Amino acid sequence: MTTDHHQPPQEPCRYYPAPYEEDEIDLLEYWNVIWGAKKFISLFTLGCTILAVIIVLILPVTYRSTAVLQPTTPDSGTMGKLSALAGSLPFSLGLPTGDTTGQKLMDFLSSRTLKERLLEKYDLLPYLFADDWDADKKKWKEDDPEDQPSIVKTIQDEVLEDIYAVSSDKKSELITISWVDEDPKFAATMLDRVINELNYYLDFEYETDAQRERVFIEEQLQKAKTELERWEQQVPNVKTSQAAITRELLASQ
């Protein structure tokens, strides 16, 4: 005969957090660590100072002259908006607008044609290659033409890429150009020259779609006028039929 022994229910385990121990900061220990590394810290600081002085002495100080070209339209609202913006810009220039105008202007400002004009028109080679130029004798130090700087080699070596830059903002259509040089006056002068070349391009070389259409129509009108004058010379009287004239015109096409 078995007897059931009923054990009293066990009380669930209870966990008590450990008493909070406050971290103590030993300032003296930190000071000893810093003091032990004083030699490394001193040498590191001295090295950074010497490196900074060397960089300042070796690398020349350069200045950047910047201009922002601003497209404008005859619309008064657009003009007012852009004119208000122009007050905060270093330089602004009104340009024609259009679907492809901005890209055409960008193409010209970054073109080989413009760079060749700047190098040749303003005689930039002696300035860009001052170490190879004899200022007293006004000639290159190297007698061999192949060893002398040239416009072609300057463009091929992308010398101007480091000092002349052009970019555009597709959203605002603003075009930014800049020139970097050690002489701030020369940088500003070159920027003015770039803008002058752009003005010349807009006045004498730039063609809008409307201008091209007008030229095409004028050519067609002149062609028709010439053809009419030829027929007036070939038809002395009214006996020639319209059909004969039509056949002659079709044959000449």
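With the simple spin-label model, which puts each label point 7 Å out from Cα in the Cβ direction, the Glu29 to Lys139 separation comes to 8.0 nm. Remark: the range 141-156, residue by residue, has Karplus-estimated 3J(HN,Hα) of 5, 7, 7, 6, x, 5, 8, 8, x, 9, 5, 4, 5, 5, 6, 5 Hz, where x stands for each Gly or Pro and the curve is 6.51 cos²θ - 1.76 cosθ + 1.60 at θ = phi - 60°.
Which value, to two decimals, describes the C-alpha radius of gyration of the range 110-210 once divided by 2.2 N^0.38 Å? Mind dumping the intermediate values first?
Values: Rg = 15.9 Å, N = 101, 2.2 N^0.38 = 12.7 Å.
Ratio of Cα Rg to 2.2 N^0.38 Å: 1.25.
Take each peptide in 115-121, 218-224, count the other Cβ atoms within 10 Å of every residue, and average; sorted highest first, the result is 115-121, 218-224.
At a 1.4 Å probe radius, carbon and sulfur cover how many percent of the accessible area of the range 117-211? It is 44 percent, rounded to a whole number.
Going down the table (Lys153/Lys185; Lys115/Lys153; Lys115/Lys185), which pairs top 23 Å between alpha carbons? It would help to have the intermediate numbers written out before the result.
Working: Lys153/Lys185 26 Å; Lys115/Lys153 12 Å; Lys115/Lys185 20 Å.
As for pairs spanning more than 23 Å Cα to Cα, those are Lys153/Lys185.
Among the GluC sites (Glu not before Pro) found in the range 161-199, those both in a DSSP coil and sparsely packed, with 13 or fewer other Cβ atoms within 10 Å of their Cβ, are Glu182.
Between Leu59 and Glu161, what is 0.36 nm times their sequence separation minus the Cα-Cα distance? Round to one decimal in nm. Intermediate results must be reported in sequence, preceding the final value.
Values: separation 102, 0.36 × 102 = 36.72 nm, distance 1.84 nm.
Stretched out fully, the Leu59 to Glu161 stretch lengthens by 34.9 nm.
The values are calculated or read from the model by the stated rules, or taken from the named source; none is laboratory data. Note that this is a predicted model, so its numbers are computed, not measured. In this analysis, Cβ positions are derived from the backbone assuming ideal geometry, glycine residues included, and neighbour counts consider all displayed protein chains. What goes into the accessible areas is simple: the full protein's heavy atoms, side chains included, and nothing from ligands, DNA or RNA. Shrake-Rupley method; radii C 1.70, N 1.55, O 1.52, S 1.80 Å.
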